[in-house]
Amino acid sequence: MPAKKTDGLIRTVGHAFSDVTNLEQALTHPSARTSKFRKGGKRVHENERLEFLGDRVLGLVIAEWLMERFPDANEGELAQKLNALVRKETCAEIARGMELEAYIRVGKTERNGGVHKRTAVLGDAMESLIAAIYLDSGYEATQRVVRRMWNNHMDTVGDVLRDPKTVLQEWAQGRGLAAPTYRVISQSGPDHNPKFEIGVEVEGLEGETGRGGTKRGAEQDAANKLLRSQSIKR
């Protein structure tokens, strides 16, 4: 099934684009690199460059917002909340809530494999969408959209648990131990849907193994399991 037309997405986002060219590009995954994707006779390029810009724009909007919401928070606390709000997993969660996967253009093989539903792809598309709004109408318009879409996450970010890899590393360093080491035990599955198994070890402790669809996700899972096994609070 091909990607949907963008009319429904535009209504969901709540931003009237003066030119949908950037929006079309934001929704075009690199696997759809083909002359068939054209707008007004001109090829629409993939979204990698927009992702680069959108990541920075999102970071600025969220950082500014955090300064307003948490006037007494120190730099470390603000950084922790920022990371929780702009990470790929959060972007993908918001993207799923607006059914963004239905609008992402991917190659036929990749669509059959469900690539457009992957967390990394959805996160990239969300960042690209933010860049498209920014290029279309500037910072204030982008800020309004981001604050509306991220509002629920901002309300609960104070309850976000700290990153397990960071907690584990700080715990080890606080006891004069070397930083945790991670190693890939196995990798399986097709390129568009890989599965990783990664082990983590800390001097003097029994290691743990984590699993995930990305190396980072598997490392986080391993670190979290080790924290739980040692009753280390996050």
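The values are calculated or read from the model by the stated rules, or taken from the named source; none is laboratory data. Just so it is clear, the model here is predicted, and its values are computed rather than measured. FYI the Cβ positions are ideal-geometry reconstructions off the backbone, even for glycines, and counts take in every protein chain you see.
A few comments on the model shown:
- One residue alone among VAL115, VAL146 is modelled with pLDDT under 85 and farther than 25 Å from ALA223 by Cα, and that residue is VAL115.
- Meets criteria (surrounded by 15 or more Cβ atoms within 10 Å (Cβ to Cβ), at pLDDT 85 or above, out of contact with any Ser or Thr (no Cβ under 8 Å at 6 or more places or on another chain) and not β-branched (Val, Ile, Thr)) for LYS165: yes
- Any hit, region 35-51, residues being β-branched (Val, Ile, Thr) and either in a loop (DSSP other than H, G, I, E, B) or modelled with pLDDT under 85 (or both): yes
- For region 169-206, the tally of residues that are closer than 16 Å to SER229 by Cβ, loosely packed, with under 12 Cβ neighbours inside 10 Å and within 25 Å of the chain's Cα centre (by Cα) stands at 0.
- Hits in region 71-86 - residues which are over 16 Å from THR166 (Cα atoms), surrounded by 15 or more Cβ atoms within 10 Å (Cβ to Cβ) and either at pLDDT below 90 or among the charged types (D, E, K, R) (or both): ALA73
- Residues (among the acidic types (Asp, Glu) and either on the phi > 0 side of the Ramachandran plot or in contact (Cβ under 8 Å) with a residue 24 or more places away in the chain (or both)) located in region 173-218: GLU203
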